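Colleague: Take this structure first; my questions come after.
The values are calculated or read from the model by the stated rules, or taken from the named source; none is laboratory data. Since this is a predicted model, take the numbers as computed values, not measurements. Virtual Cβ from ideal backbone geometry, glycine too; neighbours counted across all protein chains shown.
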Amino acid sequence: MVWRDEHGKRLEDYPRPSVAVDTAVLTVDDGRLAVLLAGGALPGTFLHPGETLADAVLRSLRDKAGVVGRSPRQLRVFDKPSRDPRGWVLSVAHVDMVPVAELAAALTHGGVRLAPADDASVLVGLPYEQGEIVAAAVEAVRAEYRAEPDPSALLDEPFTLAELRGLHTAVLGEEPMRDTFRRYMEARLKSTGETTDGGRGRPSRTWRRMSAIPAAATRG
């Protein structure tokens, strides 16, 4: 039996958009938030028949950028009808925050590079209005780092508050107030009870994240 709606139309009688996925892979490089580009664009692809969004994301990251072993999360859908000159294309955007060391192999692929993630001149040059995707991904990551010390586990443990503050400065694009930052973050960290050896200045207390970050959330 063929399904029909109240107007007698079948599902295929309605116009349907193509569905794509685009992933903003963010990292901290040289003290600044950066985004991974492959061939001058975000790694992305069209959804294949019978394929899940998650599988399409992993396929595009592997084939376009050489990135494997990750589990990007959905950001939101970008559905402006004019966003893609090729036709009516919905993009289900994803985001992942990755330690830069994990991108070393990917950056050896031709055309794969890191670009400043909050540079307007970079964002405006991305195709298919992907600059909007990057901007939304940046804001999502920054909101997480305003709330928690290191939700993407970019720092190796243990770390000092100075190292954590340096990471937040890179992610947020501005330097947090020292005392306010210390009070807020210490309540969300677990002290190791140890200090650095003071080889580069005064000894500093070292810390760990309050709870382990699930491997699936950070390493795929």
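Colleague: I'd like to check something: does segment 115-136 contain any residue that is within 30 Å of GLU186 (Cα to Cα) and out of contact with any strand residue (DSSP E or B) (no Cβ under 7 Å at 6 or more places or on another chain)? If you could, list the steps in order and put the result at the bottom.
Modeller: Residues of segment 115-136 that are within 30 Å of GLU186 (Cα to Cα), as a first pass: 116-118, 135-136.
Among the residues that remain, those that are also out of contact with any strand residue (DSSP E or B) (no Cβ under 7 Å at 6 or more places or on another chain) are: 135.
The answer is yes, given that some residue of segment 115-136 is within 30 Å of GLU186 (Cα to Cα) and out of contact with any strand residue (DSSP E or B) (no Cβ under 7 Å at 6 or more places or on another chain).
Colleague: Next up: Return the total of residues in segment 156-177 being touching a residue at least 60 places away in the same chain (Cβ under 8 Å) and touching a helix residue (DSSP H, G or I) at 6+ places or on another chain (Cβ under 7 Å). Outline the logic, then answer.
Modeller: Within segment 156-177, the first condition is being touching a residue at least 60 places away in the same chain (Cβ under 8 Å), and the residues that meet it are 166-167, 169-171, 173.
Next, from what is left, pick out any that are touching a helix residue (DSSP H, G or I) at 6+ places or on another chain (Cβ under 7 Å): 171.
The qualifying residues number 1.
Colleague: Then there is this: Could you say which residue among ALA115, ALA135 is under 16 Å from the mean Cα position of the chain (by Cα), aliphatic (A, V, I, L, M) and in a helix (DSSP H, G or I)? Let's see the steps before the verdict.
Modeller: Working: ALA115 fails: in a helix (DSSP H, G or I).
Checking each option against the conditions leaves just ALA135.
Colleague: So which of THR192, THR180 ends up being farther than 30 Å from LEU90 by Cα, without any contact (Cβ under 8 Å) to a residue 40 or more places away in the chain and in a helix (DSSP H, G or I)?
Modeller: Values: THR192 fails: in a helix (DSSP H, G or I).
Only one candidate passes the filter, namely THR180.
Colleague: I'm checking my understanding of the structure. Among residues of segment 43-66 that are small (Gly, Ala, Ser) and touching a helix residue (DSSP H, G or I) at 6+ places or on another chain (Cβ under 6 Å), which one is surrounded by the fewest Cβ atoms within 10 Å (Cβ to Cβ)? Talk me through it step by step, then tell me what you get.
Modeller: Filtering segment 43-66 down to residues small (Gly, Ala, Ser) leaves 44, 50, 54, 56, 60, 65-66.
Subset that is touching a helix residue (DSSP H, G or I) at 6+ places or on another chain (Cβ under 6 Å): 44, 65-66.
Working: GLY44: 25, ALA65: 24, GLY66: 17.
Filtering segment 43-66 for residues that are small (Gly, Ala, Ser) and touching a helix residue (DSSP H, G or I) at 6+ places or on another chain (Cβ under 6 Å), the one surrounded by the fewest Cβ atoms within 10 Å (Cβ to Cβ) comes out as GLY66.
Colleague: Any residue at all in segment 70-91 that's farther than 30 Å from GLU175 by Cβ and buried (at least 21 other Cβ atoms within 10 Å of the Cβ)? Lay out the reasoning, then the answer.
Modeller: Keep residues of segment 70-91 that are farther than 30 Å from GLU175 by Cβ, which gives 71, 74, 77-91.
If we keep only those that are buried (at least 21 other Cβ atoms within 10 Å of the Cβ) as well, we get 91.
Taking every residue of segment 70-91 in turn, at least one turns out to be farther than 30 Å from GLU175 by Cβ and buried (at least 21 other Cβ atoms within 10 Å of the Cβ).
Rundown of residues vs (1) at pLDDT 95 or above; (2) in the same structural domain as THR192 (by TED's automatic domain parsing), yes/no style:
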| position | (1), (2) |
| --- | --- |
| HIS109 | no, no |
| PRO116 | yes, no |
| SER121 | no, no |
| VAL124 | no, no |
| ALA135 | yes, no |
| ALA140 | yes, no |
| SER152 | yes, yes |
| PHE181 | yes, yes |
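Colleague: If you take the residues in segment 1-51 that are part of a loop (DSSP other than H, G, I, E, B), among the acidic types (Asp, Glu) and assigned by TED's automatic domain parsing to the domain that holds LYS64, which one is modelled with the lowest pLDDT? Full working, then the answer.
Modeller: The initial filter retains those residues of segment 1-51 that are part of a loop (DSSP other than H, G, I, E, B), namely 1-10, 14-17, 30-31, 39-40, 42-43, 47-51.
After this cut, where a residue has to be among the acidic types (Asp, Glu) as well, the list is 5-6, 30, 51.
Next, from what is left, pick out any that are assigned by TED's automatic domain parsing to the domain that holds LYS64: 30, 51.
Working: ASP30: 94, GLU51: 97.
The residue in question is ASP30.
Colleague: While we're looking at this one, here's another question. If the requirement is being small (Gly, Ala, Ser) and without any contact (Cβ under 8 Å) to a residue 40 or more places away in the chain, which of these qualifies: ALA106, ALA115, ALA143, ALA153?
Modeller: Exactly one residue qualifies, and that residue is ALA143.
Colleague: Can I ask one more? Every residue in segment 164-181 that is more than 22 Å from the chain's Cα centre (by Cα), among the charged types (D, E, K, R) and under 23 Å from ARG32 (Cβ atoms), please. Please lay out each step first, then the result.
Modeller: Initially, segment 164-181 is screened for residues more than 22 Å from the chain's Cα centre (by Cα), giving 177-181.
Cutting the leftovers down to among the charged types (D, E, K, R) gives us 178-179.
Hit for segment 164-181 is ARG178, nothing else.
Colleague: Now a separate question. Kindly indicate the residue of segment 92-101 that is crowded, with 18+ Cβ neighbours inside 10 Å and not hydrophobic (A, V, I, L, M, F, W, C) and also nearest to the chain's Cα centre (by Cα) among those meeting that condition.
Modeller: Step one: filter segment 92-101 for residues crowded, with 18+ Cβ neighbours inside 10 Å, giving 92-98.
In the following step, the residues that additionally are not hydrophobic (A, V, I, L, M, F, W, C) were identified as 94, 96.
On the way: HIS94: 7, ASP96: 3 Å.
Among them, the one singled out is ASP96.
Colleague: Identify, by number, the condition in (1) in contact with an Asp or Glu (Cβ under 9 Å, 6 or more places away or on another chain); (2) part of a loop (DSSP other than H, G, I, E, B) that GLY110 doesn't meet.
Modeller: (1)
Colleague: Across segment 4-23, what is the number of residues that are of a type outside the set (Ser, Thr, Tyr) and farther than 30 Å from LEU61 by Cα?
Modeller: Taking segment 4-23 first, the residues of a type outside the set (Ser, Thr, Tyr) are 4-13, 15-17, 19-22.
Of the ones still in play, those that are also farther than 30 Å from LEU61 by Cα are 4-13.
Within segment 4-23, residues that are of a type outside the set (Ser, Thr, Tyr) and farther than 30 Å from LEU61 by Cα number 10.
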